[in-house]
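Okay, so here's the structure we're looking at.
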Amino acid sequence: MPEFPNILVHAVPGFIILIVVEVIYAIKLQRELYEVKDAATSISLGLGNLFIGILTKGFILVFFSWIYTFRFFTIPYNAWWGWVLCFFADDFSYYCFHRTAHNIRWFWASHVVHHSSEKYNLAAALRQTWTGNLTGAFLFWSWMPLIGFHPAMIMLMQSVSLLYQFWIHTEAIDKMPKWFEFFFNTPSHHRVHHGSDLLYLDKNHAGILIIWDRMFGTFQPEIFTPKYGLTRNVKTFNPVKVAFYEWINLAKDLRKPNGVKHFFQYLFNPPGWSHDGSSKTTRQLRENASAVAEEDQHT
């Protein structure tokens, strides 16, 4: 089995240096991009994710290796075209996972951690889940070893994607050149993704290539500065509470319904779904807003 370096571990010093540079930039321009407690929470969650990842990725590697034994083809890891195919396959898998994580509460309960900061900066890029690997996020990549990508290739490409996504968590960059904005995920596109404004909710799920959002109808350009965070923010800087915030809420909701149907709807319906209408999904919020706007036009 080929051995590739853990580039995320090696990138940690670079992350720290760039965060310091962004802090200096914010101070110089007198912009409130950072809050000490918020940044400390993000960094703590990032370190926890790195540690848990070391423990869980061994299992994922074994699982992918088992699937690889049933592969339909063998895509060589020593050929350049194999890496090109791997790049597109990984990026599409990430888009599918990310979009699903915003539309199925089971996966949202892990992913919500990344959206829980009300600040948008490079430190927030490190605000990662502790439970994602444990609850099956890796399954979205399980088709790749089956068609012939070596498990080590897949895991390296996943790290490349996460490394790319670090730099787009900033307000220090306005827009990239138009051609770049068309094909690639950028700070502007990703600011939209982190917005809690109704227009921006559940948009721009790209990892590296924004073309998936353009192709599948989830693209939204940045029109105004987003309001970052959640529609209902966590209101805590305790990293443990943030890591398990939505899991606790989900457990409470699972005690509400009368019957198996509601139980599974709370697990697998979009975030915000409720059997009694006490909370709303993004789609329901948009339908309500459209109804109100239409009523205002007739009055």
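Quick notes on this structure:
- Which listed residue is under 29 Å from SER274 (Cβ atoms) and either modelled with pLDDT of 95 or more or surrounded by fewer than 21 Cβ atoms within 10 Å (Cβ to Cβ) (or both), from LEU139, LEU85, LEU122: LEU139
- The set of residues from the range 30-84 being farther than 23 Å from PHE244 by Cα, hydroxyl-bearing (Ser, Thr, Tyr) and assigned to a helix (DSSP H, G or I) comprises SER65, TYR68.
- Residues that are part of a loop (DSSP other than H, G, I, E, B), modelled with pLDDT of 95 or more and on the phi > 0 side of the Ramachandran plot occur at least once in the range 203-223.
- Qualifying positions in the range 228-247 - assigned to a loop (DSSP other than H, G, I, E, B) and touching a residue at least 40 places away in the same chain (Cβ under 8 Å): GLY229, LEU230, THR231, ASN233, VAL234, PHE237, ASN238
- The listed residue being touching a Lys or Arg at 6+ places or on another chain (Cβ under 9 Å) and either closer than 30 Å to THR236 by Cβ or among the aliphatic types (A, V, I, L, M) (or both), out of LEU45, LEU18, LEU8: LEU45
- Test result for ASN49, buried (at least 17 other Cβ atoms within 10 Å of the Cβ) and either under 30 Å from MET153 (Cβ atoms) or not hydrophobic (A, V, I, L, M, F, W, C) (or both): yes
Residue by residue, here is whether (1) assigned by TED's automatic domain parsing to the domain that holds ILE24; (2) in a loop (DSSP other than H, G, I, E, B); (3) more than 22 Å from ALA109 (Cα to Cα); (4) touching a helix residue (DSSP H, G or I) at 6+ places or on another chain (Cβ under 9 Å) holds:
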{"residue": "ALA172", "(1), (2), (3), (4)": "yes, yes, yes, yes"}
{"residue": "PHE182", "(1), (2), (3), (4)": "yes, no, yes, yes"}
{"residue": "HIS189", "(1), (2), (3), (4)": "yes, no, yes, yes"}
{"residue": "ASP197", "(1), (2), (3), (4)": "yes, yes, no, no"}
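- Test for GLY58: is it surrounded by fewer than 20 Cβ atoms within 10 Å (Cβ to Cβ) and free of Cβ contacts under 8 Å to residues at least 40 places away in the same chain: yes
- Inter-residue pairs, beta-carbon under 9 Å, first closer than 13 Å to TYR228 by Cα and in the range 183-202, second outside any loop (DSSP other than H, G, I, E, B) and among the small types (Gly, Ala, Ser), 6+ apart: HIS194/ALA124; LEU198/ALA289; LEU201/GLY195
- Condition met for ASP91 (in contact with a strand residue (DSSP E or B) (Cβ under 9 Å, 6 or more places away or on another chain) and assigned to a helix (DSSP H, G or I)): yes
- Output for the range 248-279, where each listed residue is surrounded by 14 or more Cβ atoms within 10 Å (Cβ to Cβ) and either without any contact (Cβ under 8 Å) to a residue 24 or more places away in the chain or not in a loop (DSSP other than H, G, I, E, B) (or both): ASN249, LEU250, ASP253, PRO257, HIS262, PHE263, GLN265, TYR266, LEU267, SER274, HIS275, SER279
The values are calculated or read from the model by the stated rules, or taken from the named source; none is laboratory data. Fair warning: this is a prediction, and the values are worked out from it, not measured in the lab. Cβ atoms come from the backbone with ideal geometry, glycine included; neighbour counts cover every protein chain shown.
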